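Colleague: This is the structure I have questions about; it appears just below.
The values are calculated or read from the model by the stated rules, or taken from the named source; none is laboratory data. All of these numbers come straight from a predicted model, not from anything done at the bench. Neighbour counts are summed over all protein chains in view; Cβ atoms, including those assigned to glycine, are modelled from backbone coordinates with ideal geometry.
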Amino acid sequence: MLYTSESIEQLAAAFGQLPGIGRKTAHRLALHILKLPREDVDVLARALVDVKEKVRYCSVCANITENDPCAICASPKRDRSVICVVEEPNDVMAIEKTNEYRGLYHVLGGALSPLDGIGPEDLRITELLRRLETQPTDEIILALNPNVEGEATTLYLTRLLKPVGIRLTRIARGLPVGSDLEFADEATLSRAIEGRIAL
Amino acid sequence: MRLRNVRLVHFRNHAETAFTCSPDVNVFVGKNGEGKTNILEGISYLCLTKSFFAASDATALQLGTEAFTAQGSFEAADGLTFDTVVSYQGAERRKVMTVNGQAPESMAAMVGQFPVVILSPENSNITFGGPGDRRRFVDLVISQASRGYLEDLLEYRRVLRQRNRILADNRERPGSVTAALEPWTESLVNCGARIVARRIRFVQEFEPEVRTAFGRVAAVNEAPALEYRGTVELNGDASPDAVRSAFARSVERVAPQEQRAGLTLVGPHRDELGMTINDLELRGYASQGQHKTFLVALKLAEVAFLRERCREAPILLLDDVVSELDPERATRLLTEASSLGQTFITATEATMFDRTYGATGYRRFSVRAGQVTADE
């Protein structure tokens with residue numbers, strides 16, 4: 001039985017497909033849209049379509065961009081001798097926010113996960129190798145997620161890139177800044193000890 | 001760790017049950033099916049966020065109700081109080097826990113915060129069941145003592161599933177998988193070696209405790225022993241590094257078999273904890289009595305082990321043990337239990353407890369149709 005209307009149900013179903021949105025939230029959002037002024041809904045609808053039409057992947061680093069190559073790859077101020085390898089475009093945003101890193105990026109588009117049917121050929125690894133052939137690079141930083149899939153991808157890339165002879169590093173895994181040692185969970189603490197550095 | 005009070009709402013046959021606990025021995029007396037074990041299950045929810053026997057949270061809902069709540073106040077050895085609430089919403093299948101009003105970062109983070117040892121008829125599969133039952137026992141004990149171990153277990157399980165998928169796919173569509181397997185093998189070995197090394201160390205630390213406890217309960221001159229039987233071939237050296245290289249060699253050696261089987265064949269997920277009395281395998285050779293005594297010894301050893309590692313005496317839950325043991329062994333177990341810390345026991349009658357503890361040496365509750373009343 002339909003308590004609302006077919007359009008509302010359709011919109012709610014569409015919202016329900018989004019990550020982190022459950023059935024109830026999807027309905028609440030749909031009803032909220034109904035209450036919005038017509039202009040606001042137009043803006044939202046246009047924004048949705050624009051994202052699909054205007055945004056593309058940078059042909060160099062595969063980050064999301066509206067201009068190819070992307071602002072980072074095109075910038076003369078960036079250090080072109082360092083490439084930071086990440087899983088997704090939002091990882092680029094996260095690192096950019098630090099204002100510390102001045103090198104370039106390479107977005108793999110995910111991590112190895114046989115359970116999801118993702119193998120090396122599904123990631124932009126060939127593109128990375130081709131990039132290294134044409135662009136002189138001094139260092140590759142592997143900055144993948146600290147989970148099982150990110151770890152396996154790091155190990156895979158390490159085996160692949162070691163023979164190339166470029167300096168290969170990975171970001172440290174350890175304690176969050178501003179926290180106390182005694183409050184750190186054992187797993188994080190033991191990884192931090194494992195990855196300790198000489199002074 | 002001691003529980004000061006417990007409250008259960010819509011929990012199995014308890015519409016609403018609340019009682020104040022004795023810091024020592026609490027005995028719940030009632031006929032079968034009146035709801036005694038449910039009380040221990042409720043305490044298990046407070047300590048472990050889950051039941052000690054039921055796989056699904058939904059089964060703990062009182063029939064016809066939407067949500068259950070288990071609530072209790074823990075008092076730690078240092079005097080700190082932890083007001084703990086675990087509630088489960090049936091419709092959304094959502095379980096929420098709060099400690100002093102705050103949600104912990106994860107359910108896994110709670111394991112070991114309130115150490116608990118449970119001895120129930122279901123546990124007989126530790127000595128009677130398959131290797132998986134014994135691995136589960138070892139993993140639960142170590143996890144309560146070491147959060148890092150639990151993280152390793154969860155990680156290993158994930159790596160194993162990923163690696164098995166590659167092997168299974170390859171069996172259907174044969175080709176070269178060496179390159180695809182390599183990173184997963186390396187993860188498997190790194191994480192698995194930490195688990196194996198920890199388990200081997202655990203068996204070394206745990207065995208003396210088992211021997212002591214066995215002697216106290218059995219009062220016969222028998223020698224119980226534990227032995228870690230790994231699928232990874234070690235040459236005596238069980239340091240994490242040595243296990244890692246041995247593990248890597250073992251995986252390499254079984255590569256052809258793995259490709260045929262489409263499965264990961266070596267590692268902590270295939271290991272066995274051997275149990276013997278006087279060098280004879282428990283499984284196949286031991287009497288019923290020996291099985292039970294061994295199980296009780298394992299549980300008492302678990303209490304001793306956790307007390308030392310968590311710096312906190314675990315809560316002991318004894319479900320229907322008196323009817324399972326002969327009177328002599330039962331008395332010894334009860335005497336032992338009361339010296340270890342706070343204990344919750346279910347039984348169909350109280351005679352045994354009056355005899356062991358004296359009529360005033362413990363707190364007795366009557367349980368009838370989901371109603372709990374403290375006996376004066």
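Colleague: Residues that are touching a helix residue (DSSP H, G or I) at 6+ places or on another chain (Cβ under 6 Å), within 14 Å of another protein chain (Cβ to nearest Cβ), of a type in the set (Asp, Glu) and crowded, with 18+ Cβ neighbours inside 10 Å: does the range A:141-149 have at least one?
Modeller: Scanning the range A:141-149, I find no residue that is touching a helix residue (DSSP H, G or I) at 6+ places or on another chain (Cβ under 6 Å), within 14 Å of another protein chain (Cβ to nearest Cβ), of a type in the set (Asp, Glu) and crowded, with 18+ Cβ neighbours inside 10 Å, so the answer is no.
Residues checked against (1) more than 26 Å from B:Leu188 (Cα to Cα); (2) at pLDDT 90 or above; (3) touching a Cys at 6+ places or on another chain (Cβ under 9 Å):
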position: B:Ala70; (1), (2), (3): yes, yes, no
position: B:Asp83; (1), (2), (3): yes, yes, no
position: B:Lys95; (1), (2), (3): yes, yes, no
position: B:Gly112; (1), (2), (3): no, no, yes
position: B:Pro115; (1), (2), (3): yes, yes, yes
position: B:Glu122; (1), (2), (3): yes, no, no
position: B:Thr127; (1), (2), (3): yes, yes, no
position: B:Glu155; (1), (2), (3): no, yes, yes
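Colleague: Just checking, which of A:Leu108, A:Leu123, A:Leu142 is touching a Cys at 6+ places or on another chain (Cβ under 9 Å), modelled with pLDDT of 95 or more, of a type outside the set (Val, Ile, Thr) and within 26 Å of A:Val60 (Cβ to Cβ)?
Modeller: A:Leu142
Colleague: Continuing with the same structure: Among the listed residues B:Leu188, B:Leu160, identify the single one that is under 26 Å from B:Glu252 (Cα atoms), out of contact with any Lys or Arg (no Cβ under 7 Å at 6 or more places or on another chain) and either buried (at least 20 other Cβ atoms within 10 Å of the Cβ) or within 9 Å of chain A (Cβ to nearest Cβ) (or both).
Modeller: B:Leu160
Colleague: Return the residue satisfying two criteria in turn: it lies in the range A:150-176 and is more than 24 Å from A:Gly119 (Cα to Cα) and within 22 Å of the chain's Cα centre (by Cα), and of such residues it is farthest from the other protein chains (Cβ to nearest Cβ).
Modeller: Once the filter is applied, the top-ranked residue is A:Ala172.
Colleague: Select, from B:Leu181, B:Leu150, the only residue that is touching a residue at least 24 places away in the same chain (Cβ under 8 Å), at the interface with chain A (Cβ under 10 Å from one of its Cβ atoms) and of a type in the set (A, V, I, L, M, F, W, C).
Modeller: On the way: B:Leu181 fails: touching a residue at least 24 places away in the same chain (Cβ under 8 Å).
Just one listed residue meets the conditions, B:Leu150.
Colleague: Quick check on my filter: what residues within the range A:27-80 are part of a helix (DSSP H, G or I), touching a residue at least 24 places away in the same chain (Cβ under 8 Å) and among the acidic types (Asp, Glu)?
Modeller: Within the range A:27-80, no residue meets the criteria.
Colleague: Within the range B:254-267, identify whether any single residue is hydrophobic (A, V, I, L, M, F, W, C), surrounded by 22 or more Cβ atoms within 10 Å (Cβ to Cβ) and touching a helix residue (DSSP H, G or I) at 6+ places or on another chain (Cβ under 8 Å), and answer yes or no.
Modeller: Looking through the range B:254-267, at least one residue is hydrophobic (A, V, I, L, M, F, W, C), surrounded by 22 or more Cβ atoms within 10 Å (Cβ to Cβ) and touching a helix residue (DSSP H, G or I) at 6+ places or on another chain (Cβ under 8 Å).
Colleague: When B:Ser143 is evaluated against the numbered criteria (1) buried (at least 19 other Cβ atoms within 10 Å of the Cβ); (2) farther than 30 Å from B:Gly42 by Cα, which criterion, by number, is the only one it fails?
Modeller: (2) is the only condition that B:Ser143 fails.
Colleague: Of (1) within 13 Å of chain B (Cβ to nearest Cβ); (2) surrounded by 15 or more Cβ atoms within 10 Å (Cβ to Cβ); (3) assigned to a helix (DSSP H, G or I), A:Leu132 satisfies all except one. Which?
Modeller: (1)
Colleague: From the list A:Leu144, A:Leu129, which one is touching a Ser or Thr at 6+ places or on another chain (Cβ under 9 Å) and either touching a residue at least 60 places away in the same chain (Cβ under 8 Å) or not polar (S, T, N, Q) (or both)?
Modeller: So the residue among A:Leu144, A:Leu129 that is touching a Ser or Thr at 6+ places or on another chain (Cβ under 9 Å) and either touching a residue at least 60 places away in the same chain (Cβ under 8 Å) or not polar (S, T, N, Q) (or both) is A:Leu144.
Colleague: Sort out which residues of the range A:81-107 are in a strand (DSSP E or B) and at positive phi, and write them in order of number.
Modeller: None; the set is empty.
Colleague: Identify all residues within the range B:229-271 that are assigned to a loop (DSSP other than H, G, I, E, B), farther than 17 Å from B:Ser176 by Cα and modelled with pLDDT under 95; write none if there are none.
Modeller: B:Gly230, B:Thr231, B:Val232, B:Glu233, B:Leu234, B:Asn235, B:Gly236, B:Asp237, B:Ala238, B:Ser239, listed by residue number.
Colleague: Need at least 3 residues that are in contact with a Pro (Cβ under 9 Å, 6 or more places away or on another chain) per element, so show me which helices (runs of 4 or more DSSP H) inside the range B:114-186 make the cut, counting only ones lying wholly within it.
Modeller: Ranges flagged: B:131-145, B:147-172.
Colleague: Same structure again: Considering the range A:108-129 alone, what residues qualify as being in a helix (DSSP H, G or I) and more than 8 Å from every other protein chain (Cβ to nearest Cβ)?
Modeller: Matches in the range A:108-129: A:Asp116, A:Glu121, A:Asp122, A:Ile125, A:Thr126, A:Glu127, A:Leu128, A:Leu129.
Colleague: Hey, could you check the range B:76-120 for residues that are of a type in the set (Lys, Arg) and loosely packed, with under 14 Cβ neighbours inside 10 Å and say which is nearest to B:Ser56 (Cα to Cα)?
Modeller: Here the residue is B:Arg93.
Colleague: Right, another one. Modelled with pLDDT of 90 or more, within 18 Å of the chain's Cα centre (by Cα) and hydroxyl-bearing (Ser, Thr, Tyr), is that true of B:Thr293?
Modeller: Yes, satisfied.
Colleague: Also, quick follow-up: Filtering the range B:1-54 down to residues that are assigned to a loop (DSSP other than H, G, I, E, B) and free of Cβ contacts under 8 Å to residues at least 60 places away in the same chain, which residue is farthest from B:Asp83 (Cα to Cα)? Spell out how you get there, then give the answer.
Modeller: If we filter the range B:1-54 for residues that are assigned to a loop (DSSP other than H, G, I, E, B), which is where we start, we get B:1, B:12-13, B:21-24, B:30-35, B:49-54.
With free of Cβ contacts under 8 Å to residues at least 60 places away in the same chain added as a condition, the list becomes B:33, B:50-51, B:54.
Values: B:Gly33: 29, B:Lys50: 17, B:Ser51: 19, B:Ala54: 24 Å.
Top of the filtered list is B:Gly33.
Colleague: Being within 25 Å of B:Ala76 (Cα to Cα) and buried (at least 16 other Cβ atoms within 10 Å of the Cβ), is that true of even one residue in the range B:321-332?
Modeller: no
Colleague: Related question: Taking the options A:Tyr105, A:Tyr101, name whichever one is aromatic (Phe, Trp, Tyr), in contact (Cβ under 8 Å) with a residue 40 or more places away in the chain and closer than 30 Å to A:Val148 by Cα.
Modeller: On inspection, the qualifying residue turns out to be A:Tyr105.
Colleague: Sort through B:Gly72, B:Gly33 and tell me the only one that's of a type outside the set (Val, Ile, Thr) and buried (at least 20 other Cβ atoms within 10 Å of the Cβ).
Modeller: Every option except B:Gly72 fails the conditions.
Colleague: Collect the residues in the range B:150-193 that are closer than 19 Å to B:Arg136 by Cβ and under 23 Å from the mean Cα position of the chain (by Cα), keeping them in residue-number order.
Modeller: B:Leu150, B:Glu151, B:Asp152, B:Leu153, B:Leu154, B:Glu155, B:Tyr156, B:Arg157, B:Arg158, B:Leu160, B:Cys191, B:Gly192
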